[in-house]
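J.: Before I ask anything, let me first share the structure, which is written out below as C-alpha coordinates.
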Amino acid sequence: TTSYGGRSMTPLDEAIAHVLAGCRPLPPASTPAAGARGRVLAADVVAAEPVPSFANTAMDGYAVRAADVAVVPVTLPVVAEVAAGHPAPRPLAAGEAMRIFTGAPVPEGADAVVMVERTERRDGGKAVEIQVSVDVGNHVREPGEDLHAGQRVFGAGDELTPARLGVLASLGIDEVTVHPRPRVGVMSTGDELVTGSAPLQPGQIRDSNRPALLALVEHAGFEPVDLGRAPDDEAAIAAGLARGVTTCDAVLTSGGVSMGDIDLVKVVLDRLGDMRWMQVAIRPAKPLAFGVVRSPDKRSVPVFGLPGNPVSSLVSFELFARPGLRRLAGYPHPRVHRPRMAATADEALTRRPDGKTHFVRVLAEAGERGALHVRSSGGQGSHQLAAMARANALAVLPDGDGVTLGGRVEVILLDEPPTQGWA
Ligand code: AMP
Ligand code: MG
(Lines give C-alpha, C1' and ligand atoms only; values in the text may rest on other atoms or scores of the structure.)
(Ligands and ions follow the chains in the order given, each with its own letter.)
Protein backbone atom coordinates (compact mmCIF):
# COMPACT_ATOMS: atom_id res chain seq x y z
CA THR A 1 0.00 0.00 0.00
CA THR A 2 0.91 3.64 -0.36
CA SER A 3 -0.22 6.43 1.91
CA TYR A 4 -0.92 10.12 1.58
CA GLY A 5 -1.84 12.43 4.40
CA GLY A 6 -2.20 9.42 6.71
CA ARG A 7 -4.63 7.56 4.44
CA SER A 8 -3.40 4.31 3.00
CA MET A 9 -4.20 3.42 -0.59
CA THR A 10 -3.52 0.51 -2.90
CA PRO A 11 -1.15 1.44 -5.75
CA LEU A 12 -2.83 1.14 -9.16
CA ASP A 13 -0.40 -1.50 -10.43
CA GLU A 14 -0.99 -3.62 -7.35
CA ALA A 15 -4.77 -3.39 -7.76
CA ILE A 16 -4.52 -4.38 -11.43
CA ALA A 17 -2.18 -7.26 -10.61
CA HIS A 18 -4.57 -8.46 -7.91
CA VAL A 19 -7.51 -8.41 -10.32
CA LEU A 20 -5.60 -10.19 -13.08
CA ALA A 21 -4.40 -12.86 -10.65
CA GLY A 22 -8.05 -13.71 -9.97
CA CYS A 23 -9.00 -13.96 -13.64
CA ARG A 24 -8.05 -17.14 -15.49
CA PRO A 25 -8.81 -17.86 -19.15
CA LEU A 26 -12.07 -19.75 -19.47
CA PRO A 27 -11.66 -23.44 -20.39
CA PRO A 28 -11.19 -23.71 -24.17
CA ALA A 29 -13.66 -25.37 -26.47
CA SER A 30 -13.67 -26.39 -30.11
CA THR A 31 -15.95 -24.18 -32.18
CA PRO A 32 -16.70 -23.48 -35.86
CA ALA A 33 -14.41 -20.79 -37.28
CA ALA A 34 -17.48 -19.12 -38.75
CA GLY A 35 -18.75 -17.01 -35.88
CA ALA A 36 -15.47 -17.08 -33.96
CA ARG A 37 -14.47 -13.52 -34.78
CA GLY A 38 -13.03 -11.86 -31.70
CA ARG A 39 -12.41 -15.12 -29.87
CA VAL A 40 -8.87 -15.88 -28.68
CA LEU A 41 -7.07 -19.03 -29.76
CA ALA A 42 -6.26 -21.49 -27.00
CA ALA A 43 -3.90 -23.55 -29.17
CA ASP A 44 -1.41 -22.90 -31.95
CA VAL A 45 -2.60 -23.22 -35.52
CA VAL A 46 -0.26 -25.14 -37.85
CA ALA A 47 -0.61 -25.19 -41.63
CA ALA A 48 -1.24 -28.72 -42.90
CA GLU A 49 -0.81 -27.65 -46.52
CA PRO A 50 1.02 -24.91 -48.42
CA VAL A 51 -0.75 -21.74 -49.56
CA PRO A 52 -0.92 -21.35 -52.47
CA SER A 53 -1.01 -25.09 -53.00
CA PHE A 54 0.07 -24.95 -56.68
CA ALA A 55 2.05 -22.58 -58.90
CA ASN A 56 -0.37 -20.07 -60.41
CA THR A 57 -0.18 -16.89 -62.39
CA ALA A 58 -0.42 -13.44 -60.84
CA MET A 59 -1.29 -11.88 -64.21
CA ASP A 60 -3.40 -12.32 -67.30
CA GLY A 61 -1.07 -13.16 -70.16
CA TYR A 62 0.83 -16.03 -71.74
CA ALA A 63 2.58 -18.92 -70.05
CA VAL A 64 5.94 -19.54 -71.73
CA ARG A 65 9.44 -20.85 -71.18
CA ALA A 66 11.66 -17.87 -70.38
CA ALA A 67 14.33 -19.32 -72.68
CA ASP A 68 11.92 -19.15 -75.63
CA VAL A 69 11.46 -15.37 -75.22
CA ALA A 70 15.12 -14.49 -74.64
CA VAL A 71 15.17 -12.77 -78.03
CA VAL A 72 12.14 -10.57 -78.79
CA PRO A 73 9.92 -9.96 -80.52
CA VAL A 74 9.14 -13.60 -81.07
CA THR A 75 5.91 -15.20 -82.24
CA LEU A 76 4.82 -18.45 -80.59
CA PRO A 77 1.83 -20.71 -81.33
CA VAL A 78 -0.94 -20.51 -78.67
CA VAL A 79 -1.72 -24.17 -77.95
CA ALA A 80 -4.29 -23.87 -75.15
CA GLU A 81 -6.16 -21.53 -72.78
CA VAL A 82 -5.82 -21.95 -69.01
CA ALA A 83 -8.47 -20.36 -66.79
CA ALA A 84 -8.65 -20.24 -62.96
CA GLY A 85 -9.93 -23.54 -61.64
CA HIS A 86 -9.07 -25.41 -64.85
CA PRO A 87 -5.60 -26.93 -65.16
CA ALA A 88 -3.97 -27.01 -68.64
CA PRO A 89 -4.96 -30.03 -70.74
CA ARG A 90 -1.31 -30.94 -71.34
CA PRO A 91 2.21 -29.73 -70.53
CA LEU A 92 3.70 -26.80 -72.45
CA ALA A 93 6.37 -27.86 -74.92
CA ALA A 94 9.41 -25.86 -76.04
CA GLY A 95 8.52 -23.04 -78.42
CA GLU A 96 4.85 -22.90 -77.34
CA ALA A 97 2.68 -20.41 -75.45
CA MET A 98 -0.61 -20.85 -73.59
CA ARG A 99 -3.12 -18.07 -72.91
CA ILE A 100 -3.47 -17.90 -69.12
CA PHE A 101 -5.75 -15.96 -66.72
CA THR A 102 -5.02 -14.71 -63.18
CA GLY A 103 -5.10 -17.51 -60.63
CA ALA A 104 -4.90 -20.31 -63.22
CA PRO A 105 -2.36 -23.10 -62.64
CA VAL A 106 0.90 -22.50 -64.51
CA PRO A 107 1.13 -25.44 -66.91
CA GLU A 108 3.83 -28.01 -66.46
CA GLY A 109 6.76 -27.08 -68.71
CA ALA A 110 6.14 -23.33 -68.45
CA ASP A 111 8.36 -21.32 -66.12
CA ALA A 112 7.18 -17.73 -66.61
CA VAL A 113 4.21 -15.60 -67.57
CA VAL A 114 4.32 -12.60 -69.90
CA MET A 115 1.62 -10.07 -69.09
CA VAL A 116 -0.96 -9.59 -71.81
CA GLU A 117 -0.10 -5.90 -72.20
CA ARG A 118 3.33 -6.91 -73.57
CA THR A 119 1.91 -9.17 -76.27
CA GLU A 120 0.00 -8.92 -79.55
CA ARG A 121 -2.42 -11.52 -80.89
CA ARG A 122 -1.46 -12.95 -84.25
CA ASP A 123 -3.18 -15.23 -86.72
CA GLY A 124 -6.67 -14.71 -85.20
CA GLY A 125 -5.40 -15.73 -81.77
CA LYS A 126 -3.71 -18.93 -82.92
CA ALA A 127 -0.35 -17.28 -82.25
CA VAL A 128 1.04 -14.51 -80.07
CA GLU A 129 3.85 -12.05 -80.50
CA ILE A 130 5.81 -11.72 -77.27
CA GLN A 131 7.42 -8.30 -77.01
CA VAL A 132 9.47 -8.58 -73.80
CA SER A 133 11.91 -11.06 -72.36
CA VAL A 134 11.15 -12.30 -68.85
CA ASP A 135 13.07 -14.05 -66.10
CA VAL A 136 12.22 -17.54 -64.95
CA GLY A 137 9.45 -17.25 -62.35
CA ASN A 138 8.11 -13.97 -63.73
CA HIS A 139 4.53 -13.42 -62.43
CA VAL A 140 4.44 -16.99 -61.07
CA ARG A 141 3.17 -17.41 -57.49
CA GLU A 142 5.03 -20.41 -56.15
CA PRO A 143 3.43 -22.97 -53.80
CA GLY A 144 3.95 -22.00 -50.16
CA GLU A 145 4.80 -18.35 -50.90
CA ASP A 146 2.11 -17.28 -48.45
CA LEU A 147 2.36 -20.14 -45.94
CA HIS A 148 4.33 -23.35 -46.05
CA ALA A 149 3.14 -26.71 -44.81
CA GLY A 150 4.14 -27.32 -41.20
CA GLN A 151 4.40 -23.63 -40.42
CA ARG A 152 3.01 -22.33 -37.11
CA VAL A 153 0.55 -19.80 -38.40
CA PHE A 154 -0.98 -18.38 -35.20
CA GLY A 155 -0.27 -18.91 -31.54
CA ALA A 156 -2.40 -19.43 -28.46
CA GLY A 157 -3.43 -15.98 -27.27
CA ASP A 158 -3.94 -14.58 -30.76
CA GLU A 159 -7.34 -12.99 -31.34
CA LEU A 160 -9.27 -14.18 -34.37
CA THR A 161 -9.37 -11.03 -36.45
CA PRO A 162 -11.08 -10.92 -39.86
CA ALA A 163 -7.74 -11.36 -41.67
CA ARG A 164 -6.84 -14.34 -39.47
CA LEU A 165 -10.22 -15.92 -40.20
CA GLY A 166 -9.35 -15.45 -43.87
CA VAL A 167 -6.05 -17.23 -43.34
CA LEU A 168 -7.79 -20.11 -41.55
CA ALA A 169 -10.19 -20.42 -44.47
CA SER A 170 -7.26 -20.37 -46.91
CA LEU A 171 -5.93 -23.42 -45.05
CA GLY A 172 -9.25 -25.24 -45.01
CA ILE A 173 -9.49 -24.96 -41.22
CA ASP A 174 -13.12 -24.66 -40.18
CA GLU A 175 -12.86 -25.63 -36.50
CA VAL A 176 -10.80 -23.77 -33.92
CA THR A 177 -9.99 -24.20 -30.25
CA VAL A 178 -10.76 -20.94 -28.50
CA HIS A 179 -11.64 -19.50 -25.14
CA PRO A 180 -15.39 -18.90 -25.06
CA ARG A 181 -16.92 -15.43 -24.97
CA PRO A 182 -17.28 -14.54 -21.29
CA ARG A 183 -20.84 -14.01 -20.06
CA VAL A 184 -20.76 -10.97 -17.84
CA GLY A 185 -23.55 -10.08 -15.44
CA VAL A 186 -24.18 -6.44 -14.55
CA MET A 187 -26.15 -5.38 -11.50
CA SER A 188 -26.69 -1.91 -10.11
CA THR A 189 -27.47 -1.21 -6.48
CA GLY A 190 -29.08 1.71 -4.71
CA ASP A 191 -32.46 2.72 -3.31
CA GLU A 192 -32.30 5.97 -5.27
CA LEU A 193 -32.14 4.33 -8.69
CA VAL A 194 -34.97 4.18 -11.19
CA THR A 195 -35.16 3.19 -14.82
CA GLY A 196 -37.37 4.46 -17.60
CA SER A 197 -38.80 7.84 -18.45
CA ALA A 198 -41.19 8.44 -15.58
CA PRO A 199 -40.71 11.77 -13.77
CA LEU A 200 -38.22 11.50 -10.91
CA GLN A 201 -39.57 11.49 -7.36
CA PRO A 202 -37.62 13.50 -4.76
CA GLY A 203 -34.18 11.97 -4.22
CA GLN A 204 -34.38 9.59 -7.11
CA ILE A 205 -31.80 9.39 -9.90
CA ARG A 206 -31.82 7.38 -13.08
CA ASP A 207 -29.76 4.23 -13.28
CA SER A 208 -27.18 5.15 -15.91
CA ASN A 209 -24.42 2.76 -14.86
CA ARG A 210 -26.18 -0.44 -15.79
CA PRO A 211 -26.92 0.43 -19.43
CA ALA A 212 -23.45 1.93 -19.84
CA LEU A 213 -21.70 -1.08 -18.30
CA LEU A 214 -23.80 -3.56 -20.27
CA ALA A 215 -22.84 -1.70 -23.44
CA LEU A 216 -19.16 -1.62 -22.47
CA VAL A 217 -19.28 -5.36 -21.89
CA GLU A 218 -20.83 -5.90 -25.29
CA HIS A 219 -18.48 -3.46 -27.00
CA ALA A 220 -15.51 -5.30 -25.50
CA GLY A 221 -16.73 -8.46 -27.23
CA PHE A 222 -18.39 -10.22 -24.31
CA GLU A 223 -21.94 -11.32 -23.67
CA PRO A 224 -23.77 -8.92 -21.38
CA VAL A 225 -26.30 -10.33 -18.91
CA ASP A 226 -28.61 -7.81 -17.26
CA LEU A 227 -28.96 -8.71 -13.59
CA GLY A 228 -31.19 -5.74 -12.97
CA ARG A 229 -31.19 -3.27 -10.13
CA ALA A 230 -31.15 -4.20 -6.48
CA PRO A 231 -32.40 -1.77 -3.84
CA ASP A 232 -30.26 -1.33 -0.74
CA ASP A 233 -31.69 -4.50 0.69
CA GLU A 234 -29.61 -7.47 1.73
CA ALA A 235 -31.89 -10.16 0.37
CA ALA A 236 -32.30 -8.41 -2.99
CA ILE A 237 -28.56 -7.89 -3.41
CA ALA A 238 -27.88 -11.50 -2.41
CA ALA A 239 -30.45 -12.82 -4.88
CA GLY A 240 -29.03 -10.76 -7.77
CA LEU A 241 -25.48 -11.79 -7.01
CA ALA A 242 -26.43 -15.44 -6.62
CA ARG A 243 -28.11 -15.35 -10.02
CA GLY A 244 -25.05 -13.67 -11.52
CA VAL A 245 -22.56 -16.11 -10.06
CA THR A 246 -24.69 -19.08 -11.12
CA THR A 247 -25.31 -18.00 -14.72
CA CYS A 248 -22.25 -15.87 -15.61
CA ASP A 249 -18.48 -16.12 -15.95
CA ALA A 250 -18.00 -12.79 -14.17
CA VAL A 251 -20.18 -10.28 -12.34
CA LEU A 252 -20.00 -6.50 -12.17
CA THR A 253 -21.88 -4.56 -9.53
CA SER A 254 -22.07 -0.80 -9.28
CA GLY A 255 -22.53 1.18 -6.12
CA GLY A 256 -22.19 0.46 -2.44
CA VAL A 257 -18.41 0.18 -2.31
CA SER A 258 -17.56 3.68 -1.05
CA MET A 259 -16.15 4.24 2.42
CA GLY A 260 -19.30 5.62 3.99
CA ASP A 261 -21.75 3.31 2.31
CA ILE A 262 -24.56 1.43 3.85
CA ASP A 263 -22.45 -1.73 3.78
CA LEU A 264 -24.94 -4.11 2.26
CA VAL A 265 -23.05 -4.94 -0.91
CA LYS A 266 -20.03 -5.48 1.29
CA VAL A 267 -21.88 -7.73 3.70
CA VAL A 268 -23.30 -9.89 0.94
CA LEU A 269 -20.11 -10.10 -1.11
CA ASP A 270 -17.99 -10.91 1.91
CA ARG A 271 -20.32 -13.79 2.67
CA LEU A 272 -20.03 -15.11 -0.89
CA GLY A 273 -16.28 -15.05 -1.32
CA ASP A 274 -12.88 -13.73 -0.46
CA MET A 275 -13.32 -10.08 -1.41
CA ARG A 276 -10.66 -7.44 -1.18
CA TRP A 277 -11.86 -3.91 -0.55
CA MET A 278 -9.47 -1.39 -1.95
CA GLN A 279 -8.99 2.34 -1.99
CA VAL A 280 -6.91 2.55 -5.13
CA ALA A 281 -4.55 5.52 -5.45
CA ILE A 282 -6.39 6.93 -8.46
CA ARG A 283 -8.97 9.57 -9.28
CA PRO A 284 -11.70 8.96 -10.25
CA ALA A 285 -12.66 5.40 -9.30
CA LYS A 286 -10.86 5.11 -5.97
CA PRO A 287 -13.06 2.46 -4.33
CA LEU A 288 -12.92 -1.03 -5.78
CA ALA A 289 -13.91 -4.42 -4.49
CA PHE A 290 -12.67 -7.54 -6.15
CA GLY A 291 -12.85 -11.18 -5.31
CA VAL A 292 -13.39 -14.63 -6.73
CA VAL A 293 -16.59 -16.44 -5.81
CA ARG A 294 -17.20 -20.20 -6.19
CA SER A 295 -20.29 -20.90 -8.23
CA PRO A 296 -22.60 -23.78 -7.28
CA ASP A 297 -21.01 -25.77 -10.13
CA LYS A 298 -17.54 -25.01 -8.74
CA ARG A 299 -16.40 -22.41 -11.25
CA SER A 300 -14.30 -19.47 -10.06
CA VAL A 301 -16.31 -16.37 -10.86
CA PRO A 302 -14.56 -13.00 -10.56
CA VAL A 303 -16.78 -10.35 -9.01
CA PHE A 304 -16.02 -6.66 -9.48
CA GLY A 305 -17.59 -4.21 -7.08
CA LEU A 306 -17.35 -1.02 -9.10
CA PRO A 307 -18.03 2.41 -7.62
CA GLY A 308 -21.44 4.03 -8.07
CA ASN A 309 -20.43 7.43 -9.35
CA PRO A 310 -21.11 7.27 -13.06
CA VAL A 311 -17.67 8.33 -14.30
CA SER A 312 -15.92 6.25 -11.64
CA SER A 313 -17.94 3.25 -12.62
CA LEU A 314 -16.87 3.49 -16.27
CA VAL A 315 -13.24 4.36 -15.54
CA SER A 316 -13.09 1.46 -13.10
CA PHE A 317 -14.44 -0.79 -15.82
CA GLU A 318 -11.69 0.39 -18.17
CA LEU A 319 -8.86 0.05 -15.69
CA PHE A 320 -9.84 -3.17 -13.92
CA ALA A 321 -12.85 -5.01 -15.29
CA ARG A 322 -12.05 -4.88 -18.99
CA PRO A 323 -8.50 -6.24 -18.52
CA GLY A 324 -9.79 -8.93 -16.16
CA LEU A 325 -12.54 -9.93 -18.56
CA ARG A 326 -10.07 -9.99 -21.45
CA ARG A 327 -7.94 -12.37 -19.42
CA LEU A 328 -11.02 -14.63 -19.07
CA ALA A 329 -11.38 -14.37 -22.83
CA GLY A 330 -7.79 -15.60 -23.24
CA TYR A 331 -5.79 -12.47 -24.02
CA PRO A 332 -2.22 -12.67 -22.75
CA HIS A 333 -0.32 -9.83 -21.13
CA PRO A 334 -0.08 -7.00 -22.17
CA ARG A 335 -2.92 -7.35 -24.63
CA VAL A 336 -5.47 -7.35 -21.83
CA HIS A 337 -4.93 -3.60 -21.64
CA ARG A 338 -5.90 -0.73 -23.88
CA PRO A 339 -3.01 0.81 -25.80
CA ARG A 340 -1.22 3.70 -24.16
CA MET A 341 0.21 6.39 -26.40
CA ALA A 342 2.13 9.62 -26.04
CA ALA A 343 0.26 12.83 -26.79
CA THR A 344 0.78 16.57 -26.68
CA ALA A 345 -1.44 18.59 -24.35
CA ASP A 346 -3.07 21.36 -26.38
CA GLU A 347 -4.09 22.98 -23.12
CA ALA A 348 -2.80 22.76 -19.58
CA LEU A 349 -4.19 19.79 -17.64
CA THR A 350 -3.71 20.88 -14.07
CA ARG A 351 -4.12 18.96 -10.84
CA ARG A 352 -2.81 19.04 -7.26
CA PRO A 353 -0.56 16.50 -5.53
CA ASP A 354 -2.71 13.99 -3.59
CA GLY A 355 -0.83 10.71 -3.83
CA LYS A 356 -3.02 9.55 -6.71
CA THR A 357 -2.77 9.05 -10.44
CA HIS A 358 -5.46 11.07 -12.17
CA PHE A 359 -7.30 9.94 -15.28
CA VAL A 360 -8.52 13.02 -17.08
CA ARG A 361 -11.26 12.64 -19.67
CA VAL A 362 -9.87 14.08 -22.88
CA LEU A 363 -10.53 14.42 -26.57
CA ALA A 364 -7.65 12.96 -28.54
CA GLU A 365 -7.12 13.89 -32.15
CA ALA A 366 -4.42 12.83 -34.58
CA GLY A 367 -2.91 15.89 -36.23
CA GLU A 368 -0.01 16.33 -38.59
CA ARG A 369 1.81 13.06 -39.34
CA GLY A 370 -0.50 11.26 -36.94
CA ALA A 371 0.79 12.99 -33.80
CA LEU A 372 -1.80 12.81 -31.02
CA HIS A 373 -3.11 15.98 -29.38
CA VAL A 374 -5.41 16.12 -26.38
CA ARG A 375 -7.60 18.62 -24.59
CA SER A 376 -10.06 18.23 -21.75
CA SER A 377 -13.48 16.95 -22.76
CA GLY A 378 -15.23 18.99 -20.05
CA GLY A 379 -16.12 18.93 -16.37
CA GLN A 380 -13.99 16.40 -14.52
CA GLY A 381 -16.30 15.61 -11.61
CA SER A 382 -16.97 11.90 -11.12
CA HIS A 383 -20.70 12.62 -11.58
CA GLN A 384 -20.14 14.47 -14.88
CA LEU A 385 -20.92 11.68 -17.27
CA ALA A 386 -21.40 14.03 -20.23
CA ALA A 387 -17.68 14.86 -20.33
CA MET A 388 -16.90 11.14 -20.13
CA ALA A 389 -19.23 10.60 -23.07
CA ARG A 390 -17.41 13.28 -25.08
CA ALA A 391 -14.00 11.78 -24.30
CA ASN A 392 -12.22 9.23 -26.45
CA ALA A 393 -9.21 8.89 -24.18
CA LEU A 394 -8.05 9.14 -20.59
CA ALA A 395 -4.97 11.24 -19.98
CA VAL A 396 -2.78 9.68 -17.30
CA LEU A 397 -1.53 12.34 -14.90
CA PRO A 398 0.93 10.97 -12.35
CA ASP A 399 0.89 12.51 -8.89
CA GLY A 400 2.05 16.12 -9.14
CA ASP A 401 0.83 19.32 -10.74
CA GLY A 402 -0.26 18.01 -14.13
CA VAL A 403 0.97 19.01 -17.57
CA THR A 404 1.44 22.46 -18.98
CA LEU A 405 0.32 23.61 -22.40
CA GLY A 406 2.36 21.80 -25.04
CA GLY A 407 3.62 19.21 -22.54
CA ARG A 408 3.81 15.47 -23.18
CA VAL A 409 1.16 13.29 -21.63
CA GLU A 410 0.40 9.58 -21.72
CA VAL A 411 -3.11 8.66 -22.84
CA ILE A 412 -5.21 5.52 -22.80
CA LEU A 413 -7.21 5.41 -26.01
CA LEU A 414 -10.82 4.39 -25.45
CA ASP A 415 -11.84 4.88 -29.05
CA GLU A 416 -10.26 5.63 -32.41
CA PRO A 417 -9.11 9.24 -32.53
CA PRO A 418 -10.32 11.25 -35.51
CA THR A 419 -7.45 11.95 -37.89
CA GLN A 420 -6.85 15.17 -39.80
CA GLY A 421 -5.67 14.77 -43.34
CA TRP A 422 -8.04 12.16 -44.78
CA ALA A 423 -9.76 13.47 -47.85
P1 AMP B 1 -22.49 4.55 -4.00
O2 AMP B 1 -21.19 4.00 -4.48
O3 AMP B 1 -23.58 3.55 -3.97
O4 AMP B 1 -22.31 5.25 -2.69
O5 AMP B 1 -22.91 5.65 -5.04
C6 AMP B 1 -22.09 6.79 -5.29
C7 AMP B 1 -22.85 7.79 -6.13
O8 AMP B 1 -23.16 7.22 -7.38
C9 AMP B 1 -24.17 8.23 -5.55
O10 AMP B 1 -24.37 9.59 -5.88
C11 AMP B 1 -25.17 7.36 -6.26
O12 AMP B 1 -26.45 7.93 -6.32
C13 AMP B 1 -24.55 7.27 -7.64
N14 AMP B 1 -24.95 6.03 -8.31
C15 AMP B 1 -24.89 4.78 -7.77
N16 AMP B 1 -25.32 3.88 -8.64
C17 AMP B 1 -25.65 4.53 -9.77
C18 AMP B 1 -26.17 4.13 -11.03
N19 AMP B 1 -26.41 2.84 -11.29
N20 AMP B 1 -26.38 5.07 -11.97
C21 AMP B 1 -26.14 6.37 -11.69
N22 AMP B 1 -25.64 6.81 -10.53
C23 AMP B 1 -25.40 5.91 -9.56
MG1 MG C 1 -25.40 3.27 -3.20
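J.: Mind listing which GluC sites (Glu not before Pro) in the stretch 55-139 are in a DSSP loop and have 14 or fewer other Cβ atoms within 10 Å? Working shown, then result.
T.: On the way: sites: 81, 96, 108, 117, 120, 129; in loops: 96, 108.
Qualifying residues, ordered by number: 108.
J.: What are the radius of gyration and Dmax of the stretch 125-164, computed over its Cα atoms and given in Å?
T.: That works out to 19.0, 56 Å for Rg and Dmax.
J.: Amide H to amide H under 5 Å from residue 282: which residues, 5+ apart in sequence or cross-chain, H placed 1.01 Å off N in plane?
T.: 357
J.: Which value, in Å² rounded to 10, gives the accessible area of residue 275 with a 1.4 Å probe and all protein chains present?
T.: The accessible area of residue 275 comes to roughly 20 Å².
J.: Treating only the Cβ of Lys, Arg, Asp and Glu as charged (+1, +1, -1, -1), what charge dipole size does the chain show about its Cα centre? Round to the nearest 20 debye.
T.: Numbers: 42 positive and 48 negative charges, 215 e Å.
With only Lys, Arg, Asp and Glu charged at Cβ, the dipole is about 1040 debye.
J.: How far, in degrees from 0 to 90, does helix 234-247 lean away from the longest principal axis of the Cα atoms of the chain, to the nearest 10?
T.: Once rounded, the angle reads 20 degrees.
J.: Let me ask another. Can you give me the angle between helix 209-219 and the longest principal axis of the chain, using Cα atoms only, in degrees from 0 to 90, rounded to the nearest 10?
T.: Relative to the chain, helix 209-219 is tipped by roughly 20 degrees.
J.: Here is a further query. Per the Kirkwood definition applied to all pairs of different Cα atoms, how many angstroms is the hydrodynamic radius of the chain?
T.: 25.8
J.: Among 176, 61, 190, whose Cα sits farthest toward the positive end of the charge dipole of the chain (+1 at Cβ of Lys/Arg, -1 at Cβ of Asp/Glu, about the Cα centre)?
T.: Positive-most Cα among the choices belongs to 190.
J.: So what's the gap between the Cα centers of the stretch 73-136 and the stretch 368-396, to the nearest angstrom?
T.: 61
J.: Sorted by packing (mean other beta-carbon atoms within 10 Å per residue), highest first, where do 44-57, 354-367 land? Mind dumping the intermediate values first?
T.: Numbers: 44-57: 17.1, 354-367: 21.0.
The packing order, highest mean first, is 354-367, 44-57.
J.: In terms of modelled amide H atoms, which long-range or inter-chain residues lie less than 5 Å from the amide H of residue 354?
T.: It is 400, by chain and number.
J.: Taking K and R as +1 and D and E as -1, what net charge do the other residues with C-beta under 14 Å from the C-beta of residue 157 add up to?
T.: Working: positive: 24, 39, 152, 164, 326, 327, 335; negative: 44, 158, 159.
Within the 14 Å Cβ shell, the charges total +4.
J.: Can you divide the C-alpha Rg of the stretch 331-373 by 2.2 N^0.38 Å and report the result to two decimal places?
T.: Numbers: Rg = 13.7 Å, N = 43, 2.2 N^0.38 = 9.2 Å.
Taking the Cα Rg and dividing by 2.2 N^0.38 Å, one obtains 1.49.
J.: Can you give me the accessible area per residue for the chain, using a 1.4 Å probe, in Å²? Don't skip to the end; give the middle numbers.
T.: Details: 19900 Å² over 423 residues.
Per residue, the chain has an accessible area of 47 Å².
J.: Same structure, new question: In the P(r) worked out for the stretch 296-423, what percent of Cα pairs fall beyond 20 Å? Don't skip to the end; give the middle numbers.
T.: Details: 4075 of 8128 pairs.
Percentage above 20 Å: 50.
J.: Pick from 148, 139, 86: which is most flexible by mean-square fluctuation in a GNM of the chain where alpha carbon atoms under 10 Å apart are linked?
T.: 86
J.: Additional query: So for the stretch 242-398, taking the charge dipole from beta-carbon charges (+1 Lys/Arg, -1 Asp/Glu), which of 331, 364, 287 sits furthest toward the positive end?
T.: Of the options given, the answer is 331.
J.: Ignoring any ligand, DNA or RNA, what whole percent of the accessible area of the stretch 77-190 comes from carbon and sulfur when the probe is 1.4 angstrom?
T.: 49
J.: How do 165-171, 301-307, 69-75, 276-282 rank on mean C-beta neighbours within 10 Å, highest first?
T.: Details: 165-171: 16.7, 301-307: 25.9, 69-75: 14.1, 276-282: 20.7.
Result, highest mean Cβ count within 10 Å first: 301-307, 276-282, 165-171, 69-75.
J.: Report the per residue volume, in Å³, of the convex hull enclosing the C-alpha atoms of the stretch 1-50.
T.: Working: hull volume 7.0 nm³, N = 50.
Considering the Cα atoms of the stretch 1-50, their hull volume per residue is 139 Å³.
J.: Shifting gears a bit: If you look at just the Cα atoms of the stretch 1-90, how large are its Rg and its Dmax in Å?
T.: Gyration radius and largest Cα-Cα distance of the stretch 1-90: 30.6, 93 Å.
J.: Sticking with this structure for a sec: Any aspartates and glutamates with Cα under 18 Å of the residue 286 Cα? List them, leaving off those in the same chain fewer than 8 positions away.
T.: 13, 14, 261, 263, 318, 354, 399
J.: When only Cα pairs under 8 Å and 6 or more residues apart are kept, what is the percent relative contact order across the chain?
T.: Working: 984 pairs, mean separation 64.2, N = 423.
About 15 percent, as a whole number.
J.: Contact order normalised by length for the stretch 104-181, with contacts defined as Cα pairs under 8 Å and 6 or more residues apart; what percent is it?
T.: Result for the stretch 104-181 is 23 percent.
J.: Suppose a student asked you for the relative contact order of the stretch 277-317, using Cα pairs under 8 Å spaced at least 6 residues apart; what percent would you report?
T.: Values: 61 pairs, mean separation 14.4, N = 41.
Rounded, it is 35 percent for the stretch 277-317.
J.: With a 10 Å cut-off between alpha carbons and a GNM built on the chain, which of 247, 161, 102 moves the most?
T.: Comparing 247, 161, 102 in a Gaussian network model of the chain, the most mobile one is 102.
J.: Using the Cα centre as the reference, give the magnitude of the dipole from point charges on the C-beta atoms of the stretch 188-237 (Lys, Arg: +1; Asp, Glu: -1; all else neutral), rounded to the nearest 20 debye. List each step's numbers first, then the result.
T.: Working: 3 positive and 9 negative charges, 45 e Å.
Around 220 debye, computed over the stretch 188-237.
J.: Can you work out D for the stretch 123-275 in µm² s⁻¹ from Stokes-Einstein, where Rh is the Kirkwood radius over C-alpha pairs, the temperature is 37 °C and the viscosity is 0.692 mPa s?
T.: Numbers: Rh = 20.9 Å.
So the translational diffusion coefficient is about 157 µm²/s.
J.: Let me ask something additional. Can you give the charge dipole size of the stretch 120-224 about its Cα centre, rounded to the nearest 20 debye, using +1 on the beta carbon of Lys and Arg and -1 on the beta carbon of Asp and Glu?
T.: Working: 10 positive and 16 negative charges, 34 e Å.
The calculation lands at about 160 debye.
J.: Moving to a separate point now. Keeping the other protein chains in place, figure out the carbon and sulfur percent of the accessible area of the stretch 307-423, with a 1.4 Å probe. Spell out each step's value before the answer.
T.: Working: 2800 of 5400 Å².
About 52 percent, which is the carbon plus sulfur part of the accessible surface.
J.: Just by accessible area at a 1.4 angstrom probe, what is the order of 9, 59 from largest to smallest?
T.: Numbers: 9 5, 59 65 Å².
Most to least solvent-accessible, the answer reads 59, 9.
J.: What do you get for the angle between helix 12-21 and the principal long axis of the chain? Use alpha-carbon atoms, 0 to 90 degrees, nearest ten.
T.: With rounding to tens, the tilt is 70 degrees.
J.: Now, a different point. Which residues' amide hydrogens lie under 5 Å from the amide hydrogen of residue 190, considering only partners 5 or more residues apart or on another chain, with H built in the peptide plane?
T.: Residues meeting the amide H criterion: 230, 232.
The values are calculated or read from the model by the stated rules, or taken from the named source; none is laboratory data. These numbers were taken from a predicted model, which means no experiment stands behind them. Every residue, glycine as well, gets a Cβ built from its backbone with ideal geometry; the counts of neighbours run over all protein chains shown. Heavy atoms of the whole protein, side chains included, go into the accessibility calculation; ligands, DNA and RNA do not. Shrake-Rupley method; radii C 1.70, N 1.55, O 1.52, S 1.80 Å.
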